[in-house]
């Protein structure tokens, strides 16, 4: 039995992958470093994590994507250059983040599903409960300096109440049932669900609800044994998924809950949604937001 820890301080962010939807841009630039308003998408996620009380972030990257490490590493040469020309503010929040959170980087060994990325992070996570979110889905309000309870903090708060795994969920439409895991369960209080099962991308006819898992997870370390066991039964080329191979089995062993997240999440997983995120967040920018909206209204 894993030791009980009440606070969630560790976050895993899978960052491996070729980013094929963005080729040729991602041939040399890792997809998590593609910018939204001049800031890498993964940095938006890190800013939300810090605002949620996370103290340690474990990035799961692939060989050749060391630029992600470089982005979060201190650069004495760059800092000296910016200081010389009084432009240090152009680094934004990155140096402040380095003081508040510890960064760890590990390489993914298998590339058939996020379940393997999670298993590769097992040693760094240890026996602690932890959070898991994606590098291409951002809750931007913390990074914009807006007052809001981050989606990650909402999930962590529910975990601390029940001491059980928590899924972040959104209300989805029929099309969403083809893209996300869909939960089966009942609402036990406003915006809180007891999860009985989760079906991965079932489609509108087989979906048990219109409540989709798309905002991340807060998980207990017993998820690792479940995923490791499932991995041994995979057929060659079959992906190891967190929802279908991990969460579904977890619901049979212990209580699992879901938190309805009302925050707007910006998907940057393909060129179209990435462009939409830049436009929508551009309209909120403190510096040029008003001018940008006028331009769009022309």
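Just so it is clear, none of the values below were taken in a lab; they were calculated from the coordinates. Just so we're clear, the structure is a prediction, and the values are computed from it rather than from any experiment. Note that each Cβ is placed from the backbone with ideal geometry, even for glycine, and that neighbours are counted across all protein chains shown.
Take residue 74, project a point 7 Å from its Cα along the Cβ direction, then tell me which residues of the range 86-109 have their backbone nitrogen under 12 Å from it.
Answer for this model: 95-96, 98-100.
Normalising by the residue count of the range 10-297, find the relative contact order in percent from Cα pairs under 8 Å and 6+ residues apart.
21
How long is the gain from residue 234 to residue 284 if the chain were fully straight, where each residue apart is worth 0.36 nm and the alpha carbon distance is subtracted?
Taking residue 234 through residue 284 to full extension adds about 13.5 nm, to one decimal.
What number, rounded to the nearest 500 deg cm²/dmol, is the helix-based mean residue ellipticity at 222 nm of the chain, given -39500 (n - 2.57) per DSSP H run of at least four residues and division by all its residues?
Roughly -8000 deg cm²/dmol at 222 nm, from the helical runs in the chain.
Could you compute how fast the chain diffuses translationally, taking Rh as the Kirkwood radius over C-alpha pairs and applying Stokes-Einstein at 25 °C with viscosity 0.890 mPa s? Give it in µm² per second.
The estimated diffusion coefficient comes to 122 µm²/s.
Measure nothing fancy, just the Cα-based angle from helix 151-162's long axis to the longest principal axis of the chain, in degrees from 0 to 90, nearest 10.
With both axes taken from Cα atoms, the answer is about 40 degrees.
Looking at the range 99-178 from every direction and averaging, what is the projected area of its Cα convex hull in nm²? Walk me through the intermediate numbers first.
On the way: hull surface 31.8 nm².
Hull-based average projected area comes out at 7.9 nm².
Only Cα pairs within less than 10 Å get springs; with that Gaussian network setup on the chain, which residue of 270, 127, 86 has the largest fluctuation?
It is 86.
At 0.36 nm per residue, and after removing the present C-alpha to C-alpha distance, how many nm does the segment from residue 7 to residue 272 gain when stretched out fully?
91.7 nm
Pick from 243, 202, 14: which is most flexible by mean-square fluctuation in a GNM of the chain where alpha carbon atoms under 10 Å apart are linked?
202
How much length is gained if the chain between residue 18 and residue 254 is pulled fully straight, taking 0.36 nm per residue apart and subtracting their Cα-Cα distance, in nm to one decimal? Please list the in-between numbers first.
Numbers: separation 236, 0.36 × 236 = 84.96 nm, distance 3.54 nm.
Computed gain between residue 18 and residue 254 is 81.4 nm.
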